[in-house]
Amino acid sequence: MQDSVATVARTPLGSDGRAGWAEVGDDTPDPVEDHPIAETALTAALPPLLPELFINRELSWLEFNRRVLEEARDARAPLLERAKFAAIFASNLNEFFMIRVAGVIRKIEAGVGDPGPDGRTATQSLAAIRDLTQELLDDHAAMLRHELLPKLAEAGVHVVDYDRLDAAARHQLADRFDRGIFPILTPQAIDRGRRFPHVSNRSINLIVSLRLPVGARFARLKIPATLPRLVPIATPPSDAASPPRLRFTLLE
């Protein structure tokens, strides 16, 4: 006898379509209709979720950035790769404060006092962000000071404080400042008659004292973004047996 091929339509079981599927016309019992206990379980409200089951979104992001910092600590990675991860950590943190922390502050200023899913209010979240950020910044600074910078110095790359430079290096930097930096600086005076100058995001700003014919005045000085943060210092050529030395100092 030749087998016949039949097309069987399928339709969802139950009125909400969530219980399963059955072939049209077969004798499969409807599990929802035949089992009222199952129907009750499907339609019953979920129990309330406890705040401790949730992770604060901002604190979770900071823990992610901690993992970036751990990449900079990895002694198995090439030295410049470690330095790059240390820079990425700082860049990430800048963006985090510009976007995430700014949103938390706006909630506080708007008077939003409702707790989030993790049970923290915006004020409590901001305090927790501050504590964790300070911990990460301390770790980052200690890692730079005690691990990365000494390793870079061993490899011939020196980041030197201005106070530790010799007279020849200071004279070289003073000449560079007079010719290439001072002409593009624009101090903005700070006094009672002027609104406090706008401070741009991700910019380096200094508060300086201006020497005037009569007295002194404070001013805000923005470091132009076109200038490199690390200023190279020319060093005399080393002998062939010694590795080449590169010296830098911070612009500010």
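One residue stands out in region 130-189 among those that are touching a Leu at 6+ places or on another chain (Cβ under 7 Å) and farther than 22 Å from PHE85 by Cα: the one that is modelled with the lowest pLDDT, namely PRO187.
The C-beta contact set for region 89-115 (first residue under 15 Å from ARG130 (Cα atoms), second residue of a type in the set (Lys, Arg) and at pLDDT 90 or above, distance under 8 angstrom, 6+ apart or interchain) comprises ARG100/ARG57. For region 47-68, taking the residues that are of a type in the set (Lys, Arg) and either more than 20 Å from ALA122 (Cα to Cα) or within 11 Å of the chain's Cα centre (by Cα) (or both), the one that is surrounded by the fewest Cβ atoms within 10 Å (Cβ to Cβ) is identified as ARG67. Between LEU227, LEU221, LEU137, LEU173, the distinction of being surrounded by 13 or more Cβ atoms within 10 Å (Cβ to Cβ) and part of a loop (DSSP other than H, G, I, E, B) belongs to LEU227 only. Counting only helices (runs of 4 or more DSSP H) that fall entirely inside region 27-128 and contain at least 2 residues that are assigned by TED's automatic domain parsing to the domain that holds ARG145 and at pLDDT 85 or above, the qualifying elements are 57-73, 79-96, 102-109. Looking only at region 95-142, which residues are among the acidic types (Asp, Glu) and in contact with a Ser or Thr (Cβ under 9 Å, 6 or more places away or on another chain)? Across region 95-142, the qualifying residues are ASP114, ASP118.
The values are calculated or read from the model by the stated rules, or taken from the named source; none is laboratory data. The structure displayed is predicted, hence computed values, not measured ones. FYI the Cβ positions are ideal-geometry reconstructions off the backbone, even for glycines, and counts take in every protein chain you see.
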